[in-house]
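K.L.:
One structure coming up, written as structure tokens, with questions to follow.
The values are calculated or read from the model by the stated rules, or taken from the named source; none is laboratory data. The model shown is predicted, which means the values in this text are computed figures rather than measured ones. Neighbour counts run over all protein chains shown; Cβ positions are idealised from the backbone, glycine included. What goes into the accessible areas is simple: the full protein's heavy atoms, side chains included, and nothing from ligands, DNA or RNA. Shrake-Rupley method; radii C 1.70, N 1.55, O 1.52, S 1.80 Å.
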Amino acid sequence: MKLSTKLLAATAMVAAPAVHAAELEVTHWWTSGGEAAAVSKLAEAWEAAGNTWIDGAIAGSGGTARPIIISRIIGGDPMAATQLNHGRQAEELIEAGLLTDLTEVAEANNWADLINPPSLLDACTFEGRVYCAPLNIHSAQWLWLSHDAFETAGVDVPADWNEFVAAAPALEEAGLLPLAMGQQGWQQNIAFGTITIGIAGVDNWLAVNRDKNIEVAEGPAYTAVFEAVEAARALAADSSVQDWNLATNLVITGQAGGQIMGDWAQGEFQVAEQVAGEDYSCLPGLGLNAVLDTGGDAFYFPVIDDEETRAAQLEMAAMLVSPEVQVDFNLAKGSLPVRGDVDLSAANDCMQKGLAILASGEGILPSGDMNLSADTQTQVEDLMAEFWSSDLSAADAQARYVDIIRSAD
């Protein structure tokens, strides 16, 4: 089916009336306060075009939601649209012919020239065809700091990870938790990756994650990383929360000094009406290396044997990348837009830091999802979950990590 002239015009503008009013079930795992505020922007835009958004939120993290999403698609009960991350998570679904080809929409709306960095569209492309609509850029490499906590402890707000570690005894003496950490492998893996880039540097991170260099993984740079993570584990020893947003809330309420978490944490600070630079600070790359990985979210559209549904799917795909939705959604989410031509002058201090790194073209990394298969990612997450919740030594954890990278695909 080729897009009609009328449909192409409709997909180019969010506010344009839908070609056919449509009901589409949309699955995602955005259920925290900040996330819910952001996803409502998508629903509002879709319904403003005369359509109906049937919300299929799945409580929990992506690790909980993805198996449910994939099982439904494979099992013949597909949703009309679904969130997944940029990267290799959908490869097998594409190969099985279960996801809708969006190449027509991408070409009609000039995604190749608008989406920045180009790796985001590359991550949606399989054998020259586009299968997802990039929505945002999320980076994991941030340290979030509570001004109240450091004021209570009588020390200055740290400017980098080393100062944070040095301030930890003062926080503990004041009865505060130095490092908030949710007890889930994916959160602990984010901390591991962020500390890796801060301590070992970008070149070593790329050597291991992109090039699968075993010598670097078992060498002194990564030994220093695992020792730093072991020290971070001690700072988070009394953090008993499970979900990431509960850990963020410990920072928001001044009960914890900091949290290593992706920039989606900004949505929680915004819902709590905290002001970046006044109530909290954010340090990309732990303040040691100002870097961002270009992970984030994209929408995929399972194949449904109905022409009107397919037309609506294509319309939604274009809507997600439209300038209006890019601005409204990302300002609410705390993420960065996938378009380089939108006005985000209203972005807060933390978002401006991310935008500056993105605009510089330096310090931009592919996400782990783009370098490692889902299986390898799961193995690393499982290792981190064990490492953070046990007395496994840094040396033993590094040895097991090397084995995972050695067999990585």
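K.L.:
Are there helices (runs of 4 or more DSSP H) fully within region 66-170 with at least 2 residues that are open to solvent by less than 60 Å² (accessible area, probe 1.4 Å) and under 18 Å from residue 310 (Cβ atoms)? List them.
P.N.:
91-95, 103-108
K.L.:
From (1) outside the structural domain of residue 333 (by TED's automatic domain parsing); (2) touching a Pro at 6+ places or on another chain (Cβ under 8 Å), pick out the condition that doesn't hold for residue 155.
P.N.:
Of everything listed in (1) outside the structural domain of residue 333 (by TED's automatic domain parsing); (2) touching a Pro at 6+ places or on another chain (Cβ under 8 Å), residue 155 misses just condition (2).
K.L.:
In contact with a His (Cβ under 7 Å, 6 or more places away or on another chain) and under 28 Å from residue 351 (Cβ atoms): which single residue out of 134, 117 fits that description?
P.N.:
Working: 117 fails: in contact with a His (Cβ under 7 Å, 6 or more places away or on another chain).
Testing whether each residue is in contact with a His (Cβ under 7 Å, 6 or more places away or on another chain) and under 28 Å from residue 351 (Cβ atoms) leaves just 134.
K.L.:
Moving to a separate point now. Collect the residues in region 381-395 that are open to solvent by less than 50 Å² (accessible area, probe 1.4 Å) and not in a helix (DSSP H, G or I), keeping them in residue-number order.
P.N.:
Passing the criteria: 390, 392, 393.
K.L.:
Using beta carbons and a limit of 9 Å, which pairs, at least six apart or on different chains, have the first residue in region 44-71 and in the same structural domain as residue 319 (by TED's automatic domain parsing) and of a type in the set (D, E, K, R) and the second one open to solvent by 50 Å² or more (accessible area, probe 1.4 Å) and part of a strand (DSSP E or B)?
P.N.:
Matching pairs, first to second residue: 55/25.
K.L.:
Scanning region 284-303 for residues that are assigned to a helix (DSSP H, G or I) and not hydrophobic (A, V, I, L, M, F, W, C), which turns out nearest to residue 263 (Cα to Cα)?
P.N.:
Restricting to residues being assigned to a helix (DSSP H, G or I) and not hydrophobic (A, V, I, L, M, F, W, C), the top hit is 285.
K.L.:
Select, from 271, 327, 342, 303, the only residue that is modelled with pLDDT of 95 or more and among the β-branched types (Val, Ile, Thr).
P.N.:
Step by step, each of 271, 327, 342, 303 is checked, and only 303 is modelled with pLDDT of 95 or more and among the β-branched types (Val, Ile, Thr).
K.L.:
Something else now. Please tell me if residue 25 is closer than 19 Å to residue 132 by Cα and modelled with pLDDT of 95 or more.
P.N.:
Yes: the conditions hold for residue 25.
K.L.:
Additional query: Just wondering, is there one or more residues in region 233-246 that are assigned to a helix (DSSP H, G or I), surrounded by 23 or more Cβ atoms within 10 Å (Cβ to Cβ) and within 22 Å of the chain's Cα centre (by Cα)?
P.N.:
Scanning region 233-246 turns up at least one residue that is assigned to a helix (DSSP H, G or I), surrounded by 23 or more Cβ atoms within 10 Å (Cβ to Cβ) and within 22 Å of the chain's Cα centre (by Cα).
K.L.:
For residues in region 361-380 being of a type in the set (A, V, I, L, M, F, W, C) and part of a helix (DSSP H, G or I), which is modelled with the lowest pLDDT?
P.N.:
My answer is 370.
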